[in-house]
Amino acid sequence: MNDSPQALQSLEALHANVTDAWSGALLGESRDVGDDVRVMSDDGLVRATEALARLQRSVQVLQARCAAELAGRSRTGDESDVAKKHGFATAERLIVQATGGRYADAARLVSIGEATSARRSFAGEVLPARHPHLATAFESGAVSLDAADLIRRFLDRVALRADRDDLGDAEMLLVERAPVVGVEGTQRLIRQLEAHLDPDGVKPREDELRSARSLKIWQDAAGMINLRGAFDPASGAPIKLAIETLVGAELHAARDARPGFGAKASSAASGGQGDAPHLDGVVAEDRSIAQMNADALADIAWLSLSSSDAPPALRAVTVIVRVDGDDLASGEGHATIDGIEHPVATDTVREWAMSAGVSPLYMAEGCERVQLGRSRRLFSAAQKAVLVARDGGCAWPACQRPPSHTQAHHLRWWKRDEGPTDLENGIMLCAHHHHRVHDDGWTIFIRDARSWFIPPAHLDPDQVARAGNIAPDHLAREHLASGRRARRATRRTDAPAEMGAPAA
């Protein structure tokens with residue numbers, strides 16, 4: 001006769017199954033966990049994993065039952081509150097301490113336990129669980145805790161808007177399919193059921209997802225451009241499809257390039273000269289899926305920048321790469337990309353120069369300066385490129401706006417001062433600081449290839465000039481060039497004295 005509590009007898013049976021599966025899988029003597037799993041047969045290892053999973057689900061059932069009961073005894077509002085007697089504000093906090101887990105996991109145990117446990121009416125009558133089909137499946141271990149929580153949240157969410165009979169049918173379908181399709185498949189099925197049971201809720205849910213869409217782009221200290229985003233279904237569908245299609249085409253091409261069955265042996269037998277296809281390992285596809293996704297997104301962006309069908313704003317811009325002409329010819333040195341802080345190798349520029357969508361800007365002494373005078377009000381793309389090379393982005397002191405957020409503006413205003421559209425009269429400013437210059441009455445002048453900002457008297461009675469921003473690459477290049485010129489001058493000054501020194 002088994003003297004164990006009835007509630008634990010099934011748990012003991014499962015524990016015995018784990019013992020049998022573990023022992024039966026061993027091909028050698030049992031020592032410890034690490035040694036045991038290494039000497040298990042393949043099939044035995046699978047059976048042991050499955051037995052442990054069944055035991056785990058049974059333990060989770062008991063945990064959920066205990067959690068629900070603890071929660072019920074911790075809501076009395078008097079001195080009998082179990083959680084407070086043990087020094088915790090809620091039953092969930094007590095469970096977190098007991099399990100060493102997260103608060104969300106403890107709350108999930110409570111919710112599942114309450115949704116699948118029998119209830120009592122005010123008269124003391126025993127009532128079935130709130131979700132009886134889910135309770136049966138969860139109790140038997142057919143549905144895992146994660147899947148049960150998904151189903152429970154879905155049923156509670158649509159309960160007030162769905163027909164009761166339809167809701168019961170949906171519950172039966174979910175507990176039937178969850179063991180087969182797993183948590184992710186259950187989630188996909190829930191989305192479709194929710195649309196059928198609550199058709200009026202589809203649009204509000206879509207609007208909620210759309211309002212939560214976001215995309216953040218930033219450059220980290222290593223120079224990597226990071227993207228983190230979330231898209232609603234309508235916005236994300238074309239992005240997902242485009243990337244998956246490009247990556248799928250690459251994967252198909254790589255698969256088709258692999259030799260067929262027997263092709264390698266046939267090729268070897270014919271000295272490598274046969275008709276059988278042979279994949280050269282040197283050129284074989286070696287990118288991860290994540291890397292292929294990144295490359296696909298970059299390809300889509302390049303196409304957008306070069307397409308005649310792109311939005312007008314995209315057709316008006318281009319990726320500008322700045323490289324010294326001598327460096328480009330020799331393949332040495334580096335280049336910079338407008339809006340990107342990290343430099344790139346000159347070899348990279350050479351690769352880009354052979355593809356569409358990139359405009360190298362050759363910076364060397366003697367380049368012709370573009371002057372438009374009064375013949376044109378707006379600065380040309382070439383003029384803006386030269387101004388960005390000087391200012392970096394917005395020239396306002398300490399402003400971090402990149403070139404893509406700026407426009408070229410006249411230092412001497414076009415209308416009021418009849419200023420020309422020439423480089424000496426241009427400056428790059430973001431919209432905010434352009435308005436500040438006009439509204440507050442700042443004066444700007446250019447000296448030594450750098451902008452200077454003089455505040456109005458009501459902001460600074462002394463009107464001390466503030467140095468404007470300068471492109472980091474321009475600053476570094478000029479600083480190093482200045483040092484080199486000084487050292488060359490020193491060597492030329494010292495050379496005659498050394499040459500005229502008396503012989504020893």
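The values are calculated or read from the model by the stated rules, or taken from the named source; none is laboratory data. Note that the coordinates shown come from a computational prediction; the quantities given were computed from them, not determined experimentally. FYI the Cβ positions are ideal-geometry reconstructions off the backbone, even for glycines, and counts take in every protein chain you see.
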Q. Tell me, which residue of segment 293-309 that is touching a helix residue (DSSP H, G or I) at 6+ places or on another chain (Cβ under 7 Å) and closer than 30 Å to H474 by Cβ is modelled with the lowest pLDDT?
A. L305
**Q.** Sole residue being closer than 20 Å to R152 by Cβ and outside any helix (DSSP H, G or I), chosen from G28, G101, G87
**A.** G101
Q. If we scan segment 80-90, do we find a residue that is among the hydrophobic types (A, V, I, L, M, F, W, C), crowded, with 18+ Cβ neighbours inside 10 Å, modelled with pLDDT of 90 or more and out of contact with any Leu (no Cβ under 8 Å at 6 or more places or on another chain)?
A. no
**Q.** Residues satisfying the stated conditions in segment 198-233, i.e. touching a Lys or Arg at 6+ places or on another chain (Cβ under 9 Å), loosely packed, with under 12 Cβ neighbours inside 10 Å and at pLDDT 85 or above
**A.** S214, L215, K216, I217, W218, N226, L227, R228
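Of all residues in segment 33-70 being in contact (Cβ under 8 Å) with a residue 60 or more places away in the chain and not hydroxyl-bearing (S, T, Y), which is surrounded by the most Cβ atoms within 10 Å (Cβ to Cβ)? Even if it seems obvious, please write down each step before you answer.
Pass one, segment 33-70, residues in contact (Cβ under 8 Å) with a residue 60 or more places away in the chain: 54, 57-58, 60-61, 64.
Among the residues that remain, those that are also not hydroxyl-bearing (S, T, Y) are: 54, 57, 60-61, 64.
Numbers: R54: 16, R57: 19, Q60: 20, V61: 23, A64: 25.
Among them, the one singled out is A64.
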(Q) Whether any residue in segment 342-356 is surrounded by 17 or more Cβ atoms within 10 Å (Cβ to Cβ), modelled with pLDDT of 75 or more and under 13 Å from H474 (Cα atoms) is what I want to check. (A) yes
Q) Do any residues in segment 82-104 that are farther than 16 Å from A64 by Cβ and in the same structural domain as A64 (by TED's automatic domain parsing) have Cβ atoms under 6 Å from those of residues that are among the aromatic types (F, W, Y) and loosely packed, with under 15 Cβ neighbours inside 10 Å, where the two are at least six apart or on different chains, and which pairs are they? A) none
Q.
For the structure I just gave you, tell me whether S267 is polar (S, T, N, Q), modelled with pLDDT under 85, surrounded by 15 or more Cβ atoms within 10 Å (Cβ to Cβ) and assigned to a helix (DSSP H, G or I).
A. yes
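Would you mind stating whether T116 is buried (at least 20 other Cβ atoms within 10 Å of the Cβ), β-branched (V, I, T), under 39 Å from the mean Cα position of the chain (by Cα) and farther than 22 Å from L11 by Cα? Outline the logic, then answer.
Details: buried (at least 20 other Cβ atoms within 10 Å of the Cβ): yes; β-branched (V, I, T): yes; under 39 Å from the mean Cα position of the chain (by Cα): yes; farther than 22 Å from L11 by Cα: no.
When the stated conditions are applied, T116 does not pass them.
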Q) Is there any pair linking a residue in segment 311-333 that is over 15 Å from S404 (Cα atoms) to one that is in a loop (DSSP other than H, G, I, E, B) and modelled with pLDDT of 75 or more, with Cβ under 6 Å and at least six apart or on different chains, and which? A) D324/G333; D327/G333
(Q) Being over 22 Å from G168 (Cβ atoms) and of a type in the set (A, V, I, L, M) is true for just one of V126, V110, V143. Which residue is that? (A) V110
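So, in segment 4-35, how many residues would count as being among the aliphatic types (A, V, I, L, M) and either closer than 13 Å to R54 by Cβ or at pLDDT below 85 (or both)? It would help to see each step written out before you state the result.
We begin by selecting, within segment 4-35, every residue among the aliphatic types (A, V, I, L, M); these are 7-8, 11, 13-14, 16, 18, 21, 25-27, 33.
Remaining after also requiring either closer than 13 Å to R54 by Cβ or at pLDDT below 85 (or both): 7-8, 11, 13-14, 16, 18, 21.
Final tally of qualifying residues: 8.
For segment 213-235, give me the residue count where each residue is of a type in the set (F, W, Y) and outside any strand (DSSP E or B). Break it down into steps so the answer makes sense when it comes.
From segment 213-235, those of a type in the set (F, W, Y) are 218, 231; that's our starting set.
Then keep just the ones that are outside any strand (DSSP E or B); that gives 231.
The qualifying residues number 1.
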Q) Looking at (1) in contact with a Leu (Cβ under 9 Å, 6 or more places away or on another chain); (2) of a type outside the set (D, E, K, R); (3) modelled with pLDDT of 90 or more; (4) crowded, with 17+ Cβ neighbours inside 10 Å, can you tell me which one T406 breaks? A) (3)
